[in-house]
Amino acid sequence: MKFVKMHGAGNDYVYIDCFRQTVEEPERLAREISDRHFGVGGDGMILIEPSKQADVKMRIFNADGSEAEMCGNGVRCVAKYAFDHGLVDRTEITIETGAGNLPLTMFANAREHIDKVRVNMGAPRLTRGELPMVGAAHEQVINMELEVLDRTFQITCVSMGNPHCVIYVDDVANFPVQRYGQAIENHELFPRRINVEFVEILSPNEVRQRTWERGAGETQACGTGSSAVTVAGVLTGRTKGKLLNHLTGGDLEMEWDGKNAVFMTGPAVEVFSGEYIPR
């Protein structure tokens with residue numbers, strides 16, 4: 001099984017080109033290949049497939065084998081792979097995802113390889129029904145109090161095709177992300193579990209974020225999570241619509257006008273390629 005290891009701001013996945021090979025039992029393979037001790041290692045596995053409605057299609061599987069709808073860092077890397085490896089010959093393409101078809105613009109470096117990608121992440125979905133979340137389907141969740149373990153948080157929930165719970169904290173570097181992230185991910189309010197963003201505000205246009213990702217644990221970055229944080233900041237009046245987000249693995253440039261699509265610009269890096277022998 002030929003693969004390529006890539007990351008966007010440290011959010012790393014194992015990518016498999018399904019134009020040239022076939023993957024059977026992707027859930028099982030994702031668990032195997034994502035293992036950082038016995039496999040290649042990564043936050044999950046992404047399949048790059050032909051599409052009938054876009055230039056290419058991506059399917060994303062978390063490290064625990066569960067399939068997710070979308071990954072903002074992953075979709076940038078899919079665009080880079082498609083261009084650098086000859087699946088497309090244009091720097092403006094559309095990628096089919098579980099959250100819809102997303103337009104992307106790629107930027108090449110001096111070696112004519114893609115190193116930066118701007119993604120139209122689509123419009124945020126703000127109701128409980130769209131997340132999904134228990135409660136009145138039409139209701140938005142903005143600054144709602146949620147008791148978890150020994151603390152009460154104010155949460156704002158946003159779907160970017162996959163669900164996110166945004167929480168603001170004073171010192172994100174020293175916050176116990178694993179303890180509370182895992183508890184919130186599996187809270188009974190979220191029937192399909194949820195991703196959790198812990199955010200420290202540095203200024204109205206700058207934040208620092210750590211992410212607890214459902215099915216993967218804490219990750220170095222999360223593009224859909226950064227999009228949700230941008231939206232939550234505007235909805236709660238904490239930050240502006242143009243935002244520089246410092247994630248553990250790197251920075252993302254974010255923009256939302258308060259109504260329409262969220263735009264995200266960030267890196268896409270190919271680390272290495274190889275062959276994996278499934279167990």
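The values are calculated or read from the model by the stated rules, or taken from the named source; none is laboratory data. All figures in this text were calculated on a predicted structure; none of them were measured in a lab. Methodologically, a virtual Cβ is constructed for each residue, glycine included, from the backbone with ideal geometry; neighbour enumeration extends over all protein chains shown.
Return the pair list, or none, for Cβ contacts closer than 9 Å from residues in region 201-222 that are in contact (Cβ under 8 Å) with a residue 12 or more places away in the chain and at negative phi to residues that are in a loop (DSSP other than H, G, I, E, B) and of a type in the set (F, W, Y), at least 6 apart or on different chains.
Listed by first residue and then by second, the contacts come to R210/F175; R214/F190.
Looking only at region 90-146, which residues are of a type in the set (V, I, T) and under 28 Å from L47 (Cα atoms)?
Result: T91, I93, T94, I95, T97, T105, I114, V117, V119.
Within region 215-232, can one find any residue that is farther than 28 Å from Y81 by Cα and at pLDDT 95 or above?
Taking every residue of region 215-232 in turn, at least one turns out to be farther than 28 Å from Y81 by Cα and at pLDDT 95 or above.
Can you tell me which residue in region 53-105 is surrounded by the most Cβ atoms within 10 Å (Cβ to Cβ), limited to those that are within 15 Å of V269 (Cα to Cα), in contact with a Leu (Cβ under 8 Å, 6 or more places away or on another chain) and not small (G, A, S)?
R76
Where in region 69-153 are there strands (runs of 3 or more DSSP E), lying wholly inside it, with at least 1 residues that are in contact with a Phe, Trp or Tyr (Cβ under 7 Å, 6 or more places away or on another chain) and under 24 Å from R59 (Cβ atoms)?
100-108, 114-120
Go through region 128-139 and report how many residues are under 11 Å from S159 (Cα atoms) and free of Cβ contacts under 8 Å to residues at least 24 places away in the same chain.
Result for region 128-139: 1.
Residue check, L47 against (1) within 15 Å of G161 (Cβ to Cβ); (2) free of Cβ contacts under 8 Å to residues at least 60 places away in the same chain, all met but one. Which one?
(1)
If you go through region 220-238 one residue at a time, do you hit one that is in contact with a Leu (Cβ under 7 Å, 6 or more places away or on another chain), surrounded by fewer than 24 Cβ atoms within 10 Å (Cβ to Cβ) and more than 18 Å from L202 (Cβ to Cβ)?
Yes.
Take region 241-279 and flag every residue that is of a type in the set (K, R) and over 19 Å from N120 (Cβ atoms).
R279 - this is the single residue of region 241-279 that is of a type in the set (K, R) and over 19 Å from N120 (Cβ atoms).
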